[in-house]
Amino acid sequence: MQLGFFTMPIHPLDKDWRQSLREDREAFILADELGFAEAYCGEHVTDRAENITSCVVFLASLADSVKRMKLGTGTINMPNAHPAMVAAQLAMLDHMLDGRLLFGISPGGLLSDAEVFGNLDADRNAMFLEAINQVLAIWAGEPPYNLTGKYWNISVERQFVPEIGQGFIAKPLQRPHPPIVVMATAPFSKGITEAAARGWDPVSANFLMPQWVKSHWPKYVEGCERVGRPVEAANWRVARSIFVADDEKTARDYAMDPDGPYIYYYKQLFAKVKRGGRLELFKTRRDQPDDEVTFENVCNTLITYGTPDKVADELLKFRDSVGDFGTLLYAGKDWADRDLGRRSMILLAEKVLPKVNAAIG
């Protein structure tokens with residue numbers, strides 16, 4: 001099992017934005033120093049708590065500071081941007097990262113973003129599919145492009161001047177394109193099947209109950225088998241909210257503190273999921289009534305905390321319940337206590353992961 005890092009950072013509303021951005025960057029740099037294989041950053045435009053507004057800009061700021069790790073968009077919310085802009089920016093970022101870019105994509109889940117970009121009442125899944133198809137067509141093609149869709153039309157036919165380089169949209173360093181990963185946030189996700197059939201890989205979100213994480217693997221297998229693609233657990237990434245400390249009391253007090261960053265993280269998500277009518281993410285069975293879904297059970301189930309030995313045991317039990325996967329993504333949280341936030345990542349890499357891999361054999 002490899003380690004990765006994933007953050008759609010959720011910070012206190014009154015925290016100085018400069019400080020939260022510095023700490024988010026520091027977490028990525030630390031992950032690289034600790035040997036994490038990859039790290040992803042989310043983006044939202046209309047949320048004071050989830051306050052990285054562009055994962056492309058954020059990852060570009062790390063180009064010279066992260067030396068080995070692959071860096072991923074987690075995710076580009078495809079309906080909210082013009083496909084030509086996405087293609088150009090991601091191509092540039094791939095060059096800046098010397099071919100270490102992972103292209104994470106999704107339809108986007110924050111409804112206030114959908115509203116501000118004018119697609120709240122649109123079929124965002126259809127927009128997502130058209131957008132990624134056009135991005136890939138741009139990278140595979142040559143100007144003047146002439147791509148026609150329901151939502152976007154892309155052409156430079158009238159202003160194409162090849163002798164001076166005008167009208168060309170950049171291609172990424174990795175050919176035909178950077179590896180594509182899809183964030184899966186729904187039980188029994190049909191999107192995983194379609195993604196696997198196209199050669200893309202899934203990431204199971206850290207706010208899904210274990211039984212819904214488990215439901216993703218058969219959908220991935222289904223897509224691979226449809227096109228004769230090898231089925232490899234190494235291609236499945238699973239995110240998890242984890243806090244590791246040197247002693248059990250510190251771990252429990254920090255992870256389960258009602259005013260701490262872990263509980264705050266799930267308070268934010270719980271409120272947004274409930275308001276958006278998506279409480280099924282937090283249900284333990286599909287027919288469970290909404291009023292049976294409790295915030296306490298969400299936190300007790302989705303936050304893994306303890307000493308290195310305890311966390312290793314919990315992760316092995318989790319793996320036994322959901323199935324084998326290749327990369328464990330440590331879900332980043334606000335560094336309410338910088339030293340404890342850093343120590344948790346260090347202990348995970350230096351103490352927990354070796355125990356897990358020794359047990360896996």
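Using just the alpha carbons, could you tell me how many Å³ per residue the convex hull of segment 230-330 encloses?
Numbers: hull volume 12.3 nm³, N = 101.
Taking only Cα atoms, segment 230-330 has a hull volume of 122 Å³ per residue.
Choose one answer from Arg319, Arg275, Arg240: the residue with the largest mean-square fluctuation in a GNM of the chain with alpha-carbon springs under 10 Å.
Comparing Arg319, Arg275, Arg240 in a Gaussian network model of the chain, the most mobile one is Arg275.
Top mean-square fluctuation among Ile164, Ile346, Ile242, Gaussian network model of the chain, C-alpha springs under 10 Å?
Largest GNM mean-square fluctuation: Ile164.
At a probe radius of 1.4 Å, what is the per-residue accessible area of Tyr262, in Å² to the nearest 10?
10 Å²
Remind me, relative contact order of the chain in percent, using alpha carbon pairs under 8 angstrom and six or more residues apart?
On the way: 647 pairs, mean separation 67.1, N = 361.
In percent, rounded to a whole number, it is 19.
Any chance you could count the Lys pairs in segment 146-258 whose alpha carbons are under 28 Å apart, treating pairs 8 or more apart or on different chains as valid? Present the calculation step by step, with values, prior to reporting the outcome.
Numbers: Lys150/Lys171; Lys150/Lys190; Lys190/Lys214; Lys190/Lys219.
Lysine pairs meeting the criterion: 4.
Going from the alpha-carbon gyration tensor of segment 193-258, what semi-axes, largest first and in whole Å, does one get by taking the root of 5 times each eigenvalue? All intermediate terms of the calculation are to be shown ahead of the outcome.
Details: eigenvalues 237, 24, 13 Å².
Largest first, segment 193-258 gives 34, 11, 8 Å.
Can you tell which of Asp94, Asp309, Asp113 shows the greatest fluctuation in a Gaussian network model of the chain with Cα springs below 10 Å?
Fluctuation is largest for Asp309.
As a test of the formula, what do you get for the chain when each DSSP H run with n ≥ 4 contributes -39,500 (n - 2.57) and the sum is divided by the residue count, at 222 nm and rounded to the nearest 500 deg cm²/dmol?
Values: 14 runs with 149 residues, N = 361.
Mean residue ellipticity at 222 nm (helix-derived): -12500 deg cm²/dmol.
Rank by packing, highest mean first: peptides 201-207, 64-70, with packing defined as the count of other Cβ atoms within 10 Å averaged across residues. If you can, show how the numbers build up before the last one.
Working: 201-207: 24.6, 64-70: 14.4.
Ranking the peptides 201-207, 64-70 by packing returns 201-207, 64-70.
May I ask for log10 I(q)/I(0) of segment 30-150 at q = 0.11, 0.17, 0.19 Å⁻¹, from a Debye sum over the Cα atoms as equal point scatterers with solvent left out?
Per q value, in the given order, log10 I(q)/I(0) is -0.40, -0.89, -1.05.
For the chain, with every protein chain kept in place, what is the accessible area per residue (1.4 Å probe, Å²)? If you can, show how the numbers build up before the last one.
Details: 16020 Å² over 361 residues.
For the chain, the solvent-accessible area averages 44 Å² per residue.
With no solvent and one point per C-alpha, what does the Debye sum give as log10 I(q)/I(0) for the chain at q = 0.08, 0.13 Å⁻¹?
The Cα Debye sum returns log10 ratios of -0.39, -1.06.
If we sort 131-142, 9-20, 182-193 on the protection proxy, mean other Cβ atoms within 10 Å, highest first, what's the order?
Working: 131-142: 19.2, 9-20: 14.8, 182-193: 21.1.
Packing proxy ranking, top to bottom: 182-193, 131-142, 9-20.
In degrees from 0 to 90, rounded to the nearest 10, what is the angle of the helix 83-96 Cα long axis to the longest principal axis of the chain?
Tilt relative to the chain: about 70 degrees.
Students often check this: by mean Cβ neighbours within 10 Å, which of 46-52, 280-286, 301-307, 35-41 ranks highest, and how do the rest follow? Numbers along the way, then the final one.
On the way: 46-52: 17.9, 280-286: 16.3, 301-307: 19.6, 35-41: 23.1.
Listed from highest to lowest mean packing, they are 35-41, 301-307, 46-52, 280-286.
Angle, helix 216-227 long axis vs. longest principal axis of the chain, Cα atoms, 0 to 90°, nearest 10?
30 degrees
Measure nothing fancy, just the Cα-based angle from helix 338-347's long axis to the longest principal axis of the chain, in degrees from 0 to 90, nearest 10.
Compared with the principal axis, the helix lies near 90 degrees.
The values are calculated or read from the model by the stated rules, or taken from the named source; none is laboratory data. None of these values were measured; they are calculated from a predicted model. Positions of Cβ are generated from backbone atoms using ideal geometry, with glycine treated the same way; all protein chains shown enter the neighbour counts. Each accessible area value is taken on the protein alone, full model and side chains, heavy atoms only, with ligands, DNA and RNA left out. Shrake-Rupley method; radii C 1.70, N 1.55, O 1.52, S 1.80 Å.
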